[in-house]
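Following: one structure in structure tokens, then a few remarks.
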Amino acid sequence: MDRLLIRGGVPLAGEVRVSGAKNAALPLMCAALLTDRPLRLGNVPHLRDVTTMLRLLSQMGVEVNVDETMCVELCGASLGNPLAPYDLVKTMRASILVLGPLVARHGQARVSLPGGCAIGQRPVDQHLKGLAALGAEIQVEQGYITARASRLRGARIVADLVTVTGTENLMMAACLADGTTVIENAAREPEVVDLARCLTAMGARIRGAGTDVVTVEGVRDLGGASHRIMADRIETGTFLVAAAATGGSVVLRDADPDTLDAVIGKLREAGAEVGVDGRTIRLAMRGRPASVNVRTAPYPAFPTDMQAQFMALDAIATGAGVITETIFENRFMHAQELARLGADIEISGNTAVVRGVPHLQGAAVMATDLRASASLVVAGLVAEGETLVDRIYHLDRGYEAIEEKLARLGARIKRVH
Ligand code: UD1
């Protein structure tokens with residue numbers, strides 16, 4: 001099993017390019033199930049979750065072509081097998097995103113129920129409730145969701161809570177429904193907007209993506225399209241935090257700074273100088289950061305996917321920061337591992353109080369989930385001595401070539417087998 005060996009203490013300096021967004025790429029690939037014409041996606045990140053989604057789609061009969069620039073062409077003209085099996089869904093919960101498109105265009109789907117995961121229970125009841133409102137007949141038995149409909153019908157759906165993949169699943173399904181669908185309390189995440197942009201290019205009629213009311217007028221068929229995937233805002237935020245934590249100075253190219261207001265705001269509050277020029281973000285940090293308080297909430301508020309990285313930043317900051325996690329009930333597992341490096345963190349329910357210490361010391365730590373791994377890497381880059389991060393397969397799910405990019409910024413980091 002691969003691990004990352006980090007010798008910390010080097011301020012990051014230099015330039016890197018931001019990759020395409022994992023959380024946009026996954027729903028966008030599923031949009032190929034809505035049409036028998038080819039869908040071409042550019043700026044696809046080279047990640048394990050992307051490979052898993054390609055495997056899932058190709059075992060359903062989607063033709064997949066990937067070129068050397070990571071342009072992916074998907075063609076779902078002849079779909080044989082509308083099944084998402086447990087062994088794929090359990091490694092990647094976003095597999096649930098095939099459900100809406102499959103039932104909308106193929107009239108049926110069988111998708112394994114995703115189980116709980118390390119960061120919480122994560123049910124999919126809102127996906128199922130929405131599809132039922134669109135007229136799908138849904139059964140859950142023996143760990144599988146079966147959905148059937150001859151043609152979905154437009155409906156008004158009020159989500160009980162804000163769900164990102166739930167909004168995406170229902171928006172895709174509604175594109176081919178008979179009549180108009182209104183999704184209220186929709187997620188406003190930029191990835192929803194990116195998906196809506198691609199679906200619109202395929203011929204869908206969508207209004208309001210990026211607001212909490214999304215309206216979709218169903219059409220009979222969708223066509224093909226070419227779409228360039230938005231920049232990964234969480235990868236961008238992670239590199240910005242790593243630079244701030246190490247007292248470095250970095251330039252990130254090909255970013256989408258507009259999607260990062262809450263994160264950039266917190267970095268400035270921590271004392272970083274952050275400049276934005278078109279698609280370039282520059283960050284410079286002198287001295288130790290100041291602690292910041294963070295409360296996660298749906299977009300445009302502070303993203304839960306950046307919470308762990310800010311905990312690492314607060315761990316070496318001056319003062320104490322309060323971190324409140326409101327999205328996932330068990331998303332503080334990185335705290336114990338950060339404590340192994342010398343961090344002072346006290347957890348009570350969904351709140352963590354982080355008292356900054358002047359130095360962390362390297363140690364062996366274990367990654368528990370994707371963003372937790374990123375926080376351990378940030379902490380390892382700051383810590384004195386060697387940090388060995390185990391179970392980095394979590395990291396490979398969502399960060400493209402992370403050790404190469406960090407090494408380009410001067411970090412002493414290598415993958416060991
Ligand atoms: C997406 C992101 C993930 C991010 C999360 C929150 C992708 C592929 N993943 O995950 O990186 O951390 O948004 O920003 O885009 N919930 C229910 N019932 C449902 C659906 C969700 O109770 O049917 C709850 C979840 O348990 C969680 C909250 O709603 O507490 C938000 O989850 P959701 O937005 O659905 O997360 P994902 O879409 O799975």
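Normalised by 2.2 N^0.38 Å, where N counts its residues, the alpha-carbon radius of gyration of segment 285-408 equals 0.99. The lysines whose alpha-carbon is closer than 24 Å to the alpha-carbon of Lys405, local same-chain residues fewer than 8 away aside, are Lys22, Lys266, Lys414. Given springs between every Cα pair under 10 Å in a Gaussian network model of the chain, which of Gln139, Gln59, Gln361 has the largest fluctuation? Among Gln139, Gln59, Gln361, the largest mean-square fluctuation in the Gaussian network model of the chain belongs to Gln139.
Quick one: order His227, His106 from most to least accessible surface, probe 1.4 Å. Write down the numbers at each step before the final one.
Values: His227 20, His106 55 Å².
Largest accessible area first, the list is His106, His227.
Compare the peptides 258-264, 91-97 by average per-residue count of other Cβ atoms within 10 angstrom and give them in order, highest first. Spell out each step's value before the answer.
On the way: 258-264: 19.6, 91-97: 21.7.
Top of the packing list down: 91-97, 258-264.
By a 1.4 Å probe calculation restricted to protein chains, Ile138 has an accessible surface near 50 Å², given to the nearest 10.
Using a 1.4 Å probe and counting only protein heavy atoms, arrange Arg371, Arg412 so the residue with the most accessible area comes first. Kindly include the intermediate steps, with their values, before the conclusion.
Working: Arg371 10, Arg412 105 Å².
Largest to smallest exposure gives the sequence Arg412, Arg371.
Looking at segment 1-133, the pairs of alpha carbons with a distance over 20 Å make up 52% of the total. Beta bridges assigned by DSSP with both partners in segment 100-219 are antiparallel in approximately 80 percent of cases. Subtracting the Cα-Cα distance of Thr326 and Ser348 from their residue separation scaled by 0.36 nm leaves 6.6 nm. The listed residues Tyr86, Tyr393, once ranked by accessible area (1.4 Å probe) with the largest placed first, stand as Tyr86, Tyr393. Counting only protein heavy atoms and using a 1.4 Å probe, the accessible area of Arg391 comes to about 90 Å². Segment 40-70 and segment 267-312 have Cα centres separated by 31 Å.
The lysines within cross-link reach of Lys90, meaning a Cα-to-Cα straight distance under 17 Å and a gap of 8 or more places when in the same chain, come to none at all. Here the Karplus curve 6.51 cos²θ - 1.76 cosθ + 1.60, taken at θ = phi - 60°, turns the phi angles of segment 67-84 into couplings of 9, 5, 8, 6, 8, 10, 10, 10, 9, x, 4, 10, 9, x, 9, x, 10, 10 Hz, with x standing for Gly and Pro. Amide H contacts of Gly248: Leu12, Met285, each under 5 Å away and 5 or more positions distant or on a separate chain (H built 1.01 Å from N in the peptide plane; Pro and chain starts excluded).
With the cut-off at 1.5 for a/c, could you classify segment 70-202 from its C-alpha gyration tensor as rounded, prolate or oblate? Since a/c stays below 1.5, the shape of segment 70-202 is classed as rounded. Backbone geometry of segment 404-411 corresponds, through the Karplus equation with coefficients 6.51, -1.76 and 1.60 at θ = phi - 60°, to 3J(HN,Hα) couplings of 5, 5, 5, 5, 4, 8, x, 5 Hz, x marking Gly and Pro. The alpha carbon radius of gyration of the chain, expressed as a multiple of 2.2 N^0.38 Å, is 0.98. Taking Asp160, Asp212, Asp232 in turn, the Gaussian network model of the chain (Cα-Cα springs below 10 Å) assigns the largest fluctuation to Asp160. Note on the chain: helix-only mean residue ellipticity at 222 nm, from DSSP H runs of 4+ residues weighted -39500 (n - 2.57) and normalised by residue number, equals -9000 deg cm²/dmol.
Amide H contacts of Thr180: Gly154, Gly218, each under 5 Å away and 5 or more positions distant or on a separate chain (H built 1.01 Å from N in the peptide plane; Pro and chain starts excluded).
Remark on Thr318: its backbone amide H falls under 5 Å from those of Ala290, Ser291, a criterion applied only to residues 5 or more positions apart or on other chains, H modelled at 1.01 Å from N.
The values are calculated or read from the model by the stated rules, or taken from the named source; none is laboratory data. Everything numeric in this text was worked out from a predicted model, so none of it was measured. So basically every Cβ, Gly included, is an ideal-geometry build from the backbone, and we count neighbours across all protein chains shown. Please note that ligands, DNA and RNA were not included when accessible areas were found on the heavy atoms of the full protein model with its side chains. Shrake-Rupley method; radii C 1.70, N 1.55, O 1.52, S 1.80 Å.
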